[in-house]
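The block underneath contains the structure these notes are about, expressed in structure tokens.
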Amino acid sequence: MVTTVFAPRVAALRDGRKVRLRALLPSDEQELLDAFERLGANARYMRFMVAVREPNVERLRAVLSSFPEKGFAIGATVPAPDGIDIVGTASFMLAPAGKECEFAVSVTGDWAGAGLGRVLLEAVIKAARGRGLARMHGFVLARNKPMLKLAASLGFESTPDPDDRALRIVTLAL
């Protein structure tokens, strides 16, 4: 069985708030669905690159159950009246060849702009390196300037998607 080692930890954000980072599990399904509801329409569009009103529960279950063999995900949690809230996630899914992966990052509205995206992406990059992967890439809307700026600051190279002018492909040698 493939494993990705990730020790849970607390991370401080630029605005002083703290989140707990930990690996996501299939048992996080409901919290992830709740986090989806807290994403604004623009954040959903930037993440999924189409207007998404309802989560795809079957897809979520399939992805969560594929970890750690086919990928890995980290969630940022904060205390909530019902236990925890997931306020951000970062993940990677292995490419068929197995030495490359595609990443994705989501941050709920109240947590955007505080550096949580950077903390999550740095953590998932470290996890991918620890797994021995050679390269990470992601597809980013060309108008998603904050994500493109974050990727560039972490060393990702950005190129136009040859099949879609609205997309950029960001790539990082691990």
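The values are calculated or read from the model by the stated rules, or taken from the named source; none is laboratory data. No experiment lies behind these values; they were computed from the predicted model shown. Reconstructed Cβ throughout: ideal geometry from the backbone, glycine too, with neighbour counts over all protein chains shown.
Looking at segment 23-37 only, could you name the residues that are outside any helix (DSSP H, G or I) and within 11 Å of residue 86 (Cβ to Cβ)? Don't jump to the end; show me each part of the working.
So in segment 23-37, the residues outside any helix (DSSP H, G or I) come out as 23-25.
Hit for segment 23-37 is 24, nothing else.
Among the residues of segment 141-166, which ones are crowded, with 16+ Cβ neighbours inside 10 Å and among the aliphatic types (A, V, I, L, M)?
Across segment 141-166, the qualifying residues are 141, 147, 148, 150, 151.
Take the residues in segment 49-61 that are at negative phi and surrounded by 15 or more Cβ atoms within 10 Å (Cβ to Cβ), then tell me which one is modelled with the lowest pLDDT.
As a first pass, look at segment 49-61 and keep what is at negative phi: 50-61.
Subset that is surrounded by 15 or more Cβ atoms within 10 Å (Cβ to Cβ): 55, 60.
Working: 55: 74, 60: 83.
So the residue we want is 55.
Okay, residues lined up against (1) in a helix (DSSP H, G or I); (2) touching a residue at least 12 places away in the same chain (Cβ under 8 Å); (3) small (Gly, Ala, Ser); (4) buried (at least 22 other Cβ atoms within 10 Å of the Cβ):
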position	(1), (2), (3), (4)
63	yes, yes, no, no
84	no, yes, no, no
93	no, yes, no, no
97	no, no, yes, no
120	yes, yes, no, yes
133	no, yes, no, no
139	no, yes, no, no
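How many of the residues making up segment 105-118 are surrounded by 20 or more Cβ atoms within 10 Å (Cβ to Cβ) and either among the hydrophobic types (A, V, I, L, M, F, W, C) or over 11 Å from the mean Cα position of the chain (by Cα) (or both)?
Number satisfying all stated conditions: 5.
Given (1) within 13 Å of the chain's Cα centre (by Cα); (2) in a strand (DSSP E or B), identify the lone condition not met by residue 125.
Tallying (1) within 13 Å of the chain's Cα centre (by Cα); (2) in a strand (DSSP E or B), residue 125 fails exactly one: (2).
So which residues in segment 38-48 are at pLDDT 70 or above and part of a helix (DSSP H, G or I), if there are any at all?
Correct list: 38, 41, 42, 43, 47.
Kindly evaluate residue 153 against the criterion of being of a type in the set (S, T, N, Q), out of contact with any His (no Cβ under 6 Å at 6 or more places or on another chain) and over 27 Å from residue 69 (Cβ atoms).
Judged against the criteria, residue 153 is a match.
Being touching an Asp or Glu at 6+ places or on another chain (Cβ under 8 Å) and at pLDDT 85 or above is true for just one of 85, 28, 15. Which residue is that?
Answer to the check: 85.
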